[in-house]
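The values are calculated or read from the model by the stated rules, or taken from the named source; none is laboratory data. Since the structure is predicted, the reported quantities are computational estimates derived from the model, not experimental observations. For neighbour counting, all protein chains shown are included, and Cβ atoms are generated from backbone atoms with ideal geometry for every residue, glycine included.
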Amino acid sequence: MSVARSVTSIEHARQAREVSLVDLVDRLLDGGVVIHGDITLAVADVDLVYVGLRALVASVESMEREIGLPASLRGGALPSGSA
Amino acid sequence: MLYLYAIVEKGRRLPGPGLWGAPSHAIEQGELAAIVSEHEDLARPLDEDELWTHEKVVEELMEHGAVLPMRAGSVLADAAGVRALLDEQRDRFGRELERVRGAVELGVRAVGNPAAPKVPAGVQDQEGPGTAYMRARLDSQIRSDLVAARVHTALRGLARDHVSLSKSLATVGARSAYLVNRDEVDAFVDRVEALGRELDDVSIVCTGPWPPYSFVGNPA
Amino acid sequence: MGRERLLAGEGDLELFRGQADRLDSALGKRVNADRESLEKGLAGLVMTLIEVIRQLMERQALRRIEGGTLTADEVERLGETFMLLEQKMEELKEQFGLEDEDLNLDLGPLGKLL
């Protein structure tokens, strides 16, 4: 068990709402059906330089999947088969 | 301008108002319908309240049947554009509605004990500091993946489908989504709680039920 | 409609809270961005790039260690290099007043970088 700490129920409720919000934002921004065309992504601005960095990461990750990097060294993939 | 919330089968009961109180309505094409609200101007960023409003509309739809939730901020110019979308993607949307029917998404996050030392406590004989560092990094990496594997192994049989969400280069903790039959949600949550008790050095949280944001694909 | 979706998870939710700090930019508040000077913004960008490359390199090195294709000497030198690099990163972060969260760029719909 982790170190015992007293967390009031109010504090716990606040933390629970925060964790919920993080998961909500992850889903609304990274998930869902994506459409192309007349889209206004009215949630965040993205600089072109940062777009380039993200593309670099995505291409490395898909490269690693392709060359069959062991799961323990591949970021973001759940190992297949039973532990 | 039309803000899109979700895609459903036509004839679905309309949910309550959407963003900024605008009424939601359905635009139908074939067997499908897109649930939208109409706005003059949509240039401003969405804040926390507005994201929850989007979520509320989708969840109301989910109460009455299968739903394909839209990513936040999806906008089309007019009804013609919406109908074109529903027409072009009708096979794909049809498949995805079948895929998620009767199920909800549950999010699971597991974090291992954060006190992973960068330099290990005991350096082995004849092992330089650089080697010790690399050994610690390798141990940390493997430990993280073992955590992810244990959690996943325990949960995969209780879900219809799953997907990994972690995108980080460094495995800071496993994040994944599970597609779970509605009537199996309680059993799934019970298992997560049991895992939390079983695994001393791991903290796990489960959130939901969410509409199946992580189980709708994107056009190639 | 409530805003709580926690189904399971007791005790230390603090471990999961950390990511909430990055919500600010995703939700259009952009507090940090408004306060940053141009210099700090550039430093952050450069350091994020270095951090991305460092993590990539470290993963490649770990892969080769697992595969047994490095000599003991190479492992030692690699480890020392990564340690030094990590130390340098900490110094630079301190110098520019940057926290780890500042380096974990949130790209909105494109997701987080690190």
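Quick test for you: out of B:Leu86, B:Leu42, B:Leu68, pick the one residue that is modelled with pLDDT of 95 or more, closer than 30 Å to C:Glu4 by Cα and more than 10 Å from chain C (Cβ to nearest Cβ). Don't jump to the end; show me each part of the working.
Values: B:Leu86 fails: closer than 30 Å to C:Glu4 by Cα; B:Leu42 fails: modelled with pLDDT of 95 or more.
The conditions single out B:Leu68.
Please go through the range B:63-92 and give me each residue that is in a helix (DSSP H, G or I) and buried (at least 22 other Cβ atoms within 10 Å of the Cβ), ordered by number.
B:Val82, B:Leu85
Kindly indicate whether C:Leu98 is within 15 Å of the chain's Cα centre (by Cα), at pLDDT 70 or above, of a type outside the set (Gly, Ala, Ser) and assigned to a helix (DSSP H, G or I).
On the way: within 15 Å of the chain's Cα centre (by Cα): yes; at pLDDT 70 or above: yes; of a type outside the set (Gly, Ala, Ser): yes; assigned to a helix (DSSP H, G or I): no.
Considered against the rule, which asks whether it is within 15 Å of the chain's Cα centre (by Cα), at pLDDT 70 or above, of a type outside the set (Gly, Ala, Ser) and assigned to a helix (DSSP H, G or I), C:Leu98 comes out as no.
Among the residues that make up the range B:172-185, is at least one of them away from chain C (no Cβ under 14 Å), touching an Asp or Glu at 6+ places or on another chain (Cβ under 6 Å) and at pLDDT 95 or above?
For the range B:172-185, residues away from chain C (no Cβ under 14 Å), touching an Asp or Glu at 6+ places or on another chain (Cβ under 6 Å) and at pLDDT 95 or above: present.
Quick test for you: out of B:Val67, B:Val8, pick the one residue that is touching a residue at least 40 places away in the same chain (Cβ under 8 Å), under 20 Å from B:Gly217 (Cα atoms) and in contact with a His (Cβ under 9 Å, 6 or more places away or on another chain).
On the way: B:Val67 fails: in contact with a His (Cβ under 9 Å, 6 or more places away or on another chain).
Only one candidate qualifies: B:Val8.
Identify the residue in the range B:149-161 that is modelled with pLDDT under 90 and in contact with a helix residue (DSSP H, G or I) (Cβ under 9 Å, 6 or more places away or on another chain) and, among all such residues, is farthest from the other protein chains (Cβ to nearest Cβ).
Among residues in the range B:149-161 that are modelled with pLDDT under 90 and in contact with a helix residue (DSSP H, G or I) (Cβ under 9 Å, 6 or more places away or on another chain), the one farthest from the other protein chains (Cβ to nearest Cβ) is B:Val151.
Looking at the range C:71-92, which of its residues are of a type in the set (A, V, I, L, M, F, W, C) and within 29 Å of C:Val46 (Cβ to Cβ)?
So the first thing to find is which residues in the range C:71-92 are of a type in the set (A, V, I, L, M, F, W, C), and the list is C:72, C:75, C:78, C:82-85, C:89, C:92.
Listed by number, the residues that qualify are C:Val75, C:Leu78, C:Phe82, C:Met83, C:Leu84, C:Leu85, C:Met89, C:Leu92.
Would you pick out the residues in the range B:47-58 that are out of contact with any Gly (no Cβ under 9 Å at 6 or more places or on another chain) and within 7 Å of another protein chain (Cβ to nearest Cβ)?
Within the range B:47-58, B:Glu48, B:Leu51, B:Trp52, B:Glu55 qualify.
Just name the residue that is surrounded by the most Cβ atoms within 10 Å (Cβ to Cβ) out of those in the range B:103-140 that are modelled with pLDDT of 75 or more and among the polar types (S, T, N, Q).
For the range B:103-140, the residue satisfying everything is B:Thr131.
Can you tell which of C:Leu38, C:Leu78 is of a type in the set (A, V, I, L, M), at pLDDT 85 or above and on the phi < 0 side of the Ramachandran plot? Before the answer, list the steps.
Working: C:Leu38 fails: at pLDDT 85 or above.
After ruling out the rest, the residue left standing is C:Leu78.
Assess whether C:Glu58 counts as being facing chain B (nearest Cβ under 7 Å), of a type in the set (Asp, Glu), within 23 Å of C:Glu99 (Cβ to Cβ) and surrounded by 15 or more Cβ atoms within 10 Å (Cβ to Cβ). If you could, list the steps in order and put the result at the bottom.
Numbers: facing chain B (nearest Cβ under 7 Å): yes; of a type in the set (Asp, Glu): yes; within 23 Å of C:Glu99 (Cβ to Cβ): yes; surrounded by 15 or more Cβ atoms within 10 Å (Cβ to Cβ): yes.
The answer is yes for C:Glu58.
Is it the case that B:Ala80 is without any contact (Cβ under 8 Å) to a residue 12 or more places away in the chain and among the small types (Gly, Ala, Ser)? Step through it out loud before you land on a result.
On the way: without any contact (Cβ under 8 Å) to a residue 12 or more places away in the chain: yes; among the small types (Gly, Ala, Ser): yes.
Spelling it out, B:Ala80 is indeed without any contact (Cβ under 8 Å) to a residue 12 or more places away in the chain and among the small types (Gly, Ala, Ser).
Hey, does the range C:43-61 have a residue that's assigned to a loop (DSSP other than H, G, I, E, B) and modelled with pLDDT under 80? Can you show your working first?
Restricting attention to the range C:43-61, the residues satisfying the condition of being assigned to a loop (DSSP other than H, G, I, E, B) are none.
Checked against the condition, which is being assigned to a loop (DSSP other than H, G, I, E, B) and modelled with pLDDT under 80, the range C:43-61 yields no hits at all.
Can you name the number of the only condition in (1) of a type in the set (Lys, Arg); (2) under 15 Å from the mean Cα position of the chain (by Cα); (3) at pLDDT 95 or above that B:Arg95 fails?
(2)
If C:Glu91 satisfies all but one of (1) modelled with pLDDT of 80 or more; (2) crowded, with 16+ Cβ neighbours inside 10 Å, what's the number of the condition it fails?
(2)
Might you check whether a residue that is at the interface with chain B (Cβ under 10 Å from one of its Cβ atoms), modelled with pLDDT of 55 or more and under 28 Å from B:Asp139 (Cα atoms) occurs anywhere in the range C:16-25?
yes
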